[in-house]
Ligand SMILES: Nc1ncnc2c1ncn2[C@@H]1O[C@H](COP(=O)(O)OP(=O)(O)OP(=O)(O)O)[C@@H](O)[C@H]1O
Ligand SMILES: [Mg+2]
């Protein structure tokens with residue numbers, strides 16, 4: 001099977017400081033990969049390099065495109081990469097403010113990606129938006145409200161709807177449940193798990209919450225100081241950690 | 001006259017502005033940056049339009065200046081005086097006599113010809129600005145033809161008002177490529193932008209010039225199920241009876257009396273001269 005995403009030898013420095021280095025892995029269709037590690041270990045740097053928000057100093061990020069098969073997204077032209085960013089790829093930010101247009105209604109936020117790829121029928125756009133709000137458990141009568149009027153959890157669910165409406169094949173998420181209180185996190189996780197299964201999504205999820213990876217991720221990479229120190233099936237890594245740092249990480253949280 | 005170079009600006013500056021204009025004509029709808037000069041009038045008074053007009057005028061030209069369709073408003077009068085003083089060109093209020101027409105907020109009702117230039121004063125040239133404040137990003141969106149955001153604005157309009165409520169500065173796509181702000185003209189005027197005359201747009205504070213060459217395709221953005229409509233008040237003019245011109249509503253007393261009159265004063269006067277009469281003008285009919 002062709003991997004959906006093939007990552008080779010990614011390296012990114014900020015001046016003398018290493019952001020991440022020596023990272024490579026394959027992600028197969030329908031797989032969810034978790035990336036955990038302490039603060040500053042390079043998780044966001046890596047994710048942003050993969051999603052095209054940062055350009056790594058070297059490496060390859062090969063995506064199996066619908067039309068042309070595997071292509072290195074780092075050497076694609078910018079228009080192609082941006083097109084990917086609003087069709088087959090999605091990015092869920094930790095802070096919904098970074099991923100939503102706060103001055104645009106919920107319906108407009110969800111509809112934007114549709115309009116960006118050429119939807120020109122108001123009624124259809126609105127129907128899709130209503131449908132997606134329902135799928136992320138936002139009542140249909142909130143469709144014309146601005147995100148400002150939403151709770152943090154609702155904003156995050158709106159951001160997810162806005163990203164998934166075009167049926168992407170790969171979703172990048174950076175701490176999607178960070179900043180939310182525990183009960184809200186649990187609900188969001190449930191929702192995400194449902195959507196991932198239902199849509200057969202592939203995803204890369206950065207978090208430092210082991211509960212998140214336990215619930216969502218098929219595979220896990222553990223990062224420390226910019227490097228991947230351990231990788232494998234989630235349950236294996238969590239139940240039988242090999243690397244000292246992973247052992248520390250697992251033992252430092254309550255068993256989940 | 002000897003105190004100024006012809007039309008106020010020095011020849012070097014005019015050359016720079018003409019270069020920007022030519023580039024604008026070559027790439028219809030594209031916003032060309034230019035080094036806007038200080039003009040002896042405040043921003044918001046049409047400094048961009050004035051600089052474009054100054055770069056276009058020749059001693060043989062006949063200039064008309066309108067503001068909201070009228071030749072006699074303060075803004076129009078002061079710009080006309082400015083060019084009378086600094087260029088010594090003839091001025092006129094007649095649309096069909098003018099070779100250069102500077103305008104704020106209207107396109108004349110009378111169709112322009114190939115021999116005429118229409119210069120618009122533009123406050124905010126960037127149509128994507130209100131949803132995307134980052135200039136770097138809007139430039140990229142233009143470059144890559146990523147105009148979905150423009151429809152988000154129209155979507156918001158419909159979701160809030162039940163229809164596209166944008167009635168001024170209604171966005172258009174020029175020659176199938178660049179999305180452009182037509183300046184705050186009423187959307188009633190949008191279809192007129194496909195015309196024989198040359199249209200030039202000058203934004204002084206924002207330092208941008210753009211253009212629509214003659215006979216260029218100009219399409220107002222819309223949705224399939226909410227098509228663009230060039231609407232106007234549903235009345236004939238109370239002075240000249242015209243049923244197809246853009247109207248201003250004028251309050252005539254404090255008892256709710258009001259009348260609708262052509263915003264294009266020259267057009268209205270011309271029709272009255274030709275004997276046309278509206279509802280409130282009937283008794284004077286010849
Ligand atoms: N813009 C930047 N300029 C300089 N150094 C940076 C920049 N962004 C990140 N770094 C450095 O790169 C390293 C990795 O940072 P990164 O943000 O990727 O970590 P992280 O694992 O996402 O941390 P967190 O869990 O706190 O979000 C850190 O040492 C950080 O200080
Ligand atoms: Mg981070």
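Please indicate, with yes or no, whether at least one residue in region A:50-58 is touching a residue at least 12 places away in the same chain (Cβ under 8 Å) and more than 16 Å from ligand 1 (Cβ to nearest atom).
Taking every residue of region A:50-58 in turn, at least one turns out to be touching a residue at least 12 places away in the same chain (Cβ under 8 Å) and more than 16 Å from ligand 1 (Cβ to nearest atom).
From the list B:55, B:35, which residue is surrounded by 23 or more Cβ atoms within 10 Å (Cβ to Cβ) and assigned by TED's automatic domain parsing to the domain that holds residue B:208?
Sole residue among the options that is surrounded by 23 or more Cβ atoms within 10 Å (Cβ to Cβ) and assigned by TED's automatic domain parsing to the domain that holds residue B:208: B:55.
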- Task: Count, please, the residues in region B:245-256 that happen to be without any contact (Cβ under 8 Å) to a residue 24 or more places away in the chain and in contact with a strand residue (DSSP E or B) (Cβ under 7 Å, 6 or more places away or on another chain).
- Result: 5
- Message: The conditions are (1) touching a residue at least 12 places away in the same chain (Cβ under 8 Å); (2) buried (at least 18 other Cβ atoms within 10 Å of the Cβ); (3) part of a loop (DSSP other than H, G, I, E, B), and residue A:167 fails exactly one of them. Which is it?
- Response: (2)
- Message: Just to check your reading of the model, which residue among A:131, A:127 is away from chain B (no Cβ under 13 Å) and assigned to a helix (DSSP H, G or I)?
- Response: A:131
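Which one of B:270, B:241 is within 20 Å of residue B:67 (Cβ to Cβ), out of contact with any strand residue (DSSP E or B) (no Cβ under 7 Å at 6 or more places or on another chain) and either surrounded by 14 or more Cβ atoms within 10 Å (Cβ to Cβ) or assigned by TED's automatic domain parsing to the domain that holds residue B:189 (or both)?
On the way: B:241 fails: within 20 Å of residue B:67 (Cβ to Cβ).
The conditions single out B:270.
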- Considering region A:207-227 alone, what residues qualify as being within 13 Å of ligand 1 (Cβ to nearest atom) and surrounded by fewer than 22 Cβ atoms within 10 Å (Cβ to Cβ)? A:208, A:209, A:224, A:225, A:227
- Message: Anything in region B:76-89 that is over 16 Å from residue B:107 (Cα atoms) and under 17 Å from the mean Cα position of the chain (by Cα)? List them, or say none.
- Response: B:77, B:79, B:80
- Restricting attention to region A:42-57, which residues are near ligand 2 (Cβ under 9 Å from one of its atoms) and either buried (at least 21 other Cβ atoms within 10 Å of the Cβ) or within 14 Å of chain B (Cβ to nearest Cβ) (or both)? A:42, A:43, A:45, A:47
- Message: Any residue that is buried (at least 20 other Cβ atoms within 10 Å of the Cβ), more than 14 Å from chain A (Cβ to nearest Cβ) and over 14 Å from the mean Cα position of the chain (by Cα) - is there at least one of those in region B:245-254?
- Response: yes
- Do you know which residues across region A:66-79 are under 20 Å from the mean Cα position of the chain (by Cα) and modelled with pLDDT under 95? A:66
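The values are calculated or read from the model by the stated rules, or taken from the named source; none is laboratory data. Predicted model, so just to flag it, every value in this text is computed and none were measured. Glycine gets a Cβ as well: all are built from the backbone with ideal geometry, and neighbour counts include every protein chain shown.
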